[in-house]
1. State whether the range 350-392 is rounded, prolate or oblate according to the following rule on the C-alpha gyration tensor (a ≥ b ≥ c being the square roots of its eigenvalues): a/c under 1.5 gives rounded; otherwise a/b larger than b/c gives prolate, and the remaining case gives oblate.
2. Which value at 222 nm does the chain reach when only helices count, each DSSP H run of 4 or more adding -39,500 (n - 2.57), with the total divided by all residues and rounded to the nearest 500 deg cm²/dmol?
3. Any chance you could check the Cα centroid distance between the range 249-324 and the range 134-206 for me, in angstrom?
4. Provide the packing ranking of 131-138, 37-44, i.e. peptides ordered by the mean count of other C-beta atoms within 10 Å per residue, highest first.
5. Students often check this: by mean Cβ neighbours within 10 Å, which of 212-225, 321-334 ranks highest, and how do the rest follow?
6. Can you say what percent of the DSSP beta bridges in the chain, counting only those with both residues inside, are antiparallel? Round to 5.
7. To the nearest 20 Debye, how big is the dipole of the chain about its Cα centre, given +1 on the beta carbon of each Lys and Arg and -1 on that of each Asp and Glu?
8. For labels at Arg404 and Glu272 in the simple 7 Å Cα→Cβ model, what's the distance in nm?
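Values quoted throughout were computed directly from the atomic coordinates according to the rules given, and no laboratory measurement underlies them. Not measured: the values here are computed from a predicted model. Cβ placement follows ideal geometry from the backbone for every residue including glycine, while neighbour counts extend to all protein chains displayed.
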Amino acid sequence: MSSTPQSPAAKGSQSSGIPRVLVATTALLSFISFWRAAAIVLNDLASSAYYAGGEAEGYIGKAAPWFILAIMLFSYAVRAVYVESCSMFVRGGVYRAVKQSLGGSLAKFSVSALMFDYILTGPISGVAAGQYLAGLISDLLQYFHVSGPLSGGVVDFVSASFAIVVTLYFWWENTKGIPESSEKALHIMKLVTVMVVILIGWCSYTAFIRHSVLPPFPHPRNLRLSESALGWLAHSSLPHMFGIVAIFIALGHSVLAMSGEESLAQVYREIEHPKLPNLKKAGLVIFIYSLVFTSLVSFFAVMIIPDSVRQGYLENLIGGLAMSLAGPIYVRLIFHGFVVVVGTLILAGAVNTAIVGSNGVLNRVSEDGVLSSWFRQPHRKYGTSYRIINIVVALQVITIIISRGDVTFLANLYAFGVIWSFAMNGLAVLVLRYTKPGHRDFQVPLNFYVRGVQVPVGLILITLTLFLIAVTNLFTKPVATMAGGAFSILLYIVFTISERRARRAGAHVEMDQFNLEMEANLLPKRSAQSLEISWFP
């Protein structure tokens, strides 16, 4: 560990008359149950239900819910890869797995894609929350006959402004050292669950009395691939000649539905004993919840919202669903308000998760000597790695401004980081099966032996599918390909230069950075109950 004496803070504590004991260690963890771990991950993962279905339909048409369902089912297989990774490394995730299996160079590329994912998570969540807020304002203005619906430009402006305000709020909270509370995440998910139960019940009733029909089945002839959906393949005959190509294009536009899996690896070390069984339980809870919520929202939206109206609600899908249910308009407006409140909480939580996750990943990279320890220097007052937080939030705010409140633009960029971080993690775990064979507490199922050599069929199929989707997206999302590629290359260069400078400076030793406040006497004459204890993990 490395400490920095901070006399100003020490003086402040002396003047207050209360000694301050600063415990700065990752060893002191408050372990959590699998329910709380699932709640933390769902605060990130379930937020995609608010925008994934609408974004997919905007590209592939009314058959989108089936592909959202397919992605949600596939997410359980992807989660199994993360569980195997975590069973090998307590501090798991993409970076650690790739570094151990494929080396430092590919690890730096993988963490670059992951950082692109995290940096986009905040903006897309904040802007999506703003879209829902603007949609509610628009409906209220019409209901009270104040004006007509808000224009697209006004909605985007409100969305971008709201996203910037939320991002800056969590920047300040993280700079001060926001407490990581699984209790808050659990309370939010309880509120979300109330909304989900009401939504599913009301939608089922509405679909029943209106005799709604299911969306068209996921056959290539039912896909409506626009020129924007095809990207660089717009003038190619491949999507029309080979149905499987069209299917992978559709899956690529639906992959946002399973964003947030990396959070499972980040929360693993905080899960109580027995870790691995509890991790698997948390994964099952996450799977069932996200499967029901995200997929049913997409199905009900196509079944209930009229085609002529739904196109205006693609970036505000649950809001449009609330306003299209059977019942009095004032009751629907009240429920719409509830949807927006819940959505704001869970999407704002995803903004915070993005900052916390980015900070954690870059701290881990810095601890390995890839980034200079300058980035981890603690804040003089709060003891947090404020420089990393400042850089991440600055990039997020710039991204929001560039997007001008357009969720579709952000979703395209976001998909790049999501799918490539998944694919690299899958490849890393696959390689580790051969470079570090032996007992695993958990393995992705479907493993066979040929002449004493293990053939991990399940893991191979999952990794192959992820890479096929990732490569397809390179061609169908040209803006994301260029932006994500440029960002990854730039960050890779920064990592490489910083690592070489660190090597020239001398041997690197992993150390936690923290402030040390000098106190002559930790225990006052009065009762020890007066001690003020501050803990910065």
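1. Numbers: a/c = 2.27, a/b = 1.16, b/c = 1.96.
Note, shape of the range 350-392 comes out oblate.
2. -22500 deg cm²/dmol
3. 16
4. Sorting 131-138, 37-44 by mean packing, highest first, produces 37-44, 131-138.
5. Output ranking for 212-225, 321-334: 321-334, 212-225.
6. Within the chain, antiparallel bridges account for around 30 percent of the total.
7. Details: 38 positive and 27 negative charges, 205 e Å.
Value, rounded to 20: 980 debye.
8. Label at Arg404, label at Glu272, 5.2 nm between them.
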